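Novice: Supplied in structure tokens, the structure appears directly below.
The values are calculated or read from the model by the stated rules, or taken from the named source; none is laboratory data. All values reported here derive from a predicted model rather than from experimental measurement. Don't worry about glycine lacking a Cβ; one is built from the backbone with ideal geometry, like all the others, and counts go over all protein chains shown. Just so you know, the surface numbers come from the protein's heavy atoms only, side chains and all, with ligands and any DNA or RNA stripped out. Shrake-Rupley method; radii C 1.70, N 1.55, O 1.52, S 1.80 Å.
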Amino acid sequence: MEFHILCKPEDIAPYVFVPGDHDRAKKIADQFDQARFVSDSRGYHIYTGTVDGIPMTVCSTGMGGPQVAIGVEELAHLGAKVFIRVGSCGTAQDNITVGDVIVPTGVYRGGATAHRYLPPAFPAAPDFGVLTALVEEARATGPGAHVGIASSSDAFYAEGDPALFAKMKQAGVMAFEMECDTLFIISNFRGWRAGAVLACDGTSTEIKPEWGRQAFLDGEKRAIQVAIRAMKRIALEDQQRQAA
């Protein structure tokens with residue numbers, strides 16, 4: 001029994017979605033063929049089920065690096081091997097709008113938790129196989145799917161640095177969020193596979209605008225579909241390699 005998530009090995013699948021939002025976790029679980037509620041300890045809401053016979057788990061992590069770090073460490077102790085974050089983000093780019101989806105190819109490390117695992121110069125990058133599956137599934141959904149650099153921070157209300165933001169925008173940074181750097185760094189360090197797909201909920205000038213509420217919900221639904229299809233593809237590829 002793990003300290004915080006209060007789960008046992010039989011509760012957790014090798015393939016795990018890690019959204020921040022508890023409601024999003026339930027939305028993901030609703031897409032499983034079979035799903036059972038496992039735990040809601042310490043802010044982690046966990047469901048396990050199957051997708052076309054493939055065992056999958058979803059665990060909401062709340063906000064920020066520390067919560068993600070504890071959650072994925074304990075999930076991995078119980079057998080989790082592949083993690084896909086299904087999150088939300090703001091954007092710096094004028095060609096991206098609310099409801100679009102973004103697949104990060106790497107992340108600027110503006111948080112602090114991951115520094116306890118690897119030094120700041122180490123890149124926060126997703127697993128290439130997970131990234132490839134997410135990119136292909138996202139692009140298959142049509143326009144409004146973007147692939148590029150994201151930025152993570154663990155201080156949502158801290159005063160921003162306009163000069164740094166301008167540099168990031170010029171450099172093509174697409175998404176601003178709070179968890180991907182931690183997930184990618186720990187996964188690299190521990191030897192797990194991880195990736196992320198994000199639904200945009202704010203523009204470069206408006207954070208979570210009321211006019212974009214429905215567009216974001218549509219984007220969230222799209223991100224969930226992308227993540228599930230990508231995870232299924234990853235699992236089937238794993239089965240094929242094991243059978244070879």
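Novice: Has segment 159-168 got any residue that is farther than 25 Å from Leu236 by Cα and in a strand (DSSP E or B)? Step through it out loud before you land on a result.
Specialist: Here is the first cut: in segment 159-168, the residues farther than 25 Å from Leu236 by Cα are 159-168.
Still in the running and in a strand (DSSP E or B): none.
No; the residues of segment 159-168 include none that is farther than 25 Å from Leu236 by Cα and in a strand (DSSP E or B).
Novice: Might you check whether a residue that is open to solvent by less than 90 Å² (accessible area, probe 1.4 Å), of a type outside the set (Asp, Glu) and touching a His at 6+ places or on another chain (Cβ under 6 Å) occurs anywhere in segment 4-17?
Specialist: No, segment 4-17 contains no residue that is open to solvent by less than 90 Å² (accessible area, probe 1.4 Å), of a type outside the set (Asp, Glu) and touching a His at 6+ places or on another chain (Cβ under 6 Å).
Novice: Looking at (1) closer than 25 Å to Cys7 by Cβ; (2) among the β-branched types (Val, Ile, Thr); (3) over 15 Å from the mean Cα position of the chain (by Cα), which one does Ile96 not meet, given that it meets all the others?
Specialist: Among (1) closer than 25 Å to Cys7 by Cβ; (2) among the β-branched types (Val, Ile, Thr); (3) over 15 Å from the mean Cα position of the chain (by Cα), Ile96 violates only (1).
Novice: If you don't mind, there's one more thing I want to ask. If I ask for residues that are in contact with a Phe, Trp or Tyr (Cβ under 9 Å, 6 or more places away or on another chain) and within 13 Å of Met63 (Cβ to Cβ), which ones from segment 152-182 would you list?
Specialist: Ser152, Ser153, Met178, Thr182
Novice: Could you list, in sequence order, all residues of segment 202-217 that are surrounded by fewer than 14 Cβ atoms within 10 Å (Cβ to Cβ) and part of a helix (DSSP H, G or I)?
Specialist: First, the residues of segment 202-217 that are surrounded by fewer than 14 Cβ atoms within 10 Å (Cβ to Cβ): 205-208, 210-211, 213-214.
Matches in segment 202-217: Glu210, Trp211, Arg213, Gln214.
Novice: Something else now. Phe32 - would you say it is farther than 24 Å from Gly110 by Cβ and surrounded by 19 or more Cβ atoms within 10 Å (Cβ to Cβ)?
Specialist: On the way: farther than 24 Å from Gly110 by Cβ: yes; surrounded by 19 or more Cβ atoms within 10 Å (Cβ to Cβ): yes.
So Phe32 fits the description; yes.
Novice: Can you pull out the strands (runs of 3 or more DSSP E) entirely within segment 47-142 that have at least 1 residues that are open to solvent by 10 Å² or more (accessible area, probe 1.4 Å), under 28 Å from Gln170 (Cα atoms) and modelled with pLDDT under 95? Spell out the reasoning first.
Specialist: Values: elements: 54-59, 82-91, 101-110.
No strands (runs of 3 or more DSSP E) qualify here.
Novice: Going by the structure shown, is Ala150 at pLDDT 95 or above and either charged (D, E, K, R) or touching a Pro at 6+ places or on another chain (Cβ under 8 Å) (or both)? Write out each step before concluding.
Specialist: Working: at pLDDT 95 or above: yes; either charged (D, E, K, R) or touching a Pro at 6+ places or on another chain (Cβ under 8 Å) (or both): yes.
Yes; evaluated as a whole, the condition is true for this residue.
Novice: Looking only at segment 226-243, decide whether some residue is in contact with a Ser or Thr (Cβ under 7 Å, 6 or more places away or on another chain) and surrounded by 13 or more Cβ atoms within 10 Å (Cβ to Cβ). Spell out the reasoning first.
Specialist: Narrowing segment 226-243 to residues in contact with a Ser or Thr (Cβ under 7 Å, 6 or more places away or on another chain): 226.
Narrowing further to those that are surrounded by 13 or more Cβ atoms within 10 Å (Cβ to Cβ): 226.
Yes, segment 226-243 has at least one match.
Novice: Tell me, which residue of segment 24-46 that is of a type in the set (A, V, I, L, M, F, W, C) and not in a helix (DSSP H, G or I) is nearest to Glu220 (Cα to Cα)?
Specialist: Phe32
Novice: So if I check each of Ala171, Ala196, which one is open to solvent by 70 Å² or more (accessible area, probe 1.4 Å), touching a residue at least 12 places away in the same chain (Cβ under 8 Å) and in contact with a strand residue (DSSP E or B) (Cβ under 8 Å, 6 or more places away or on another chain)? Explain how you work it out, then say what you get.
Specialist: Values: Ala196 fails: open to solvent by 70 Å² or more (accessible area, probe 1.4 Å).
Residue meeting the stated conditions: Ala171.
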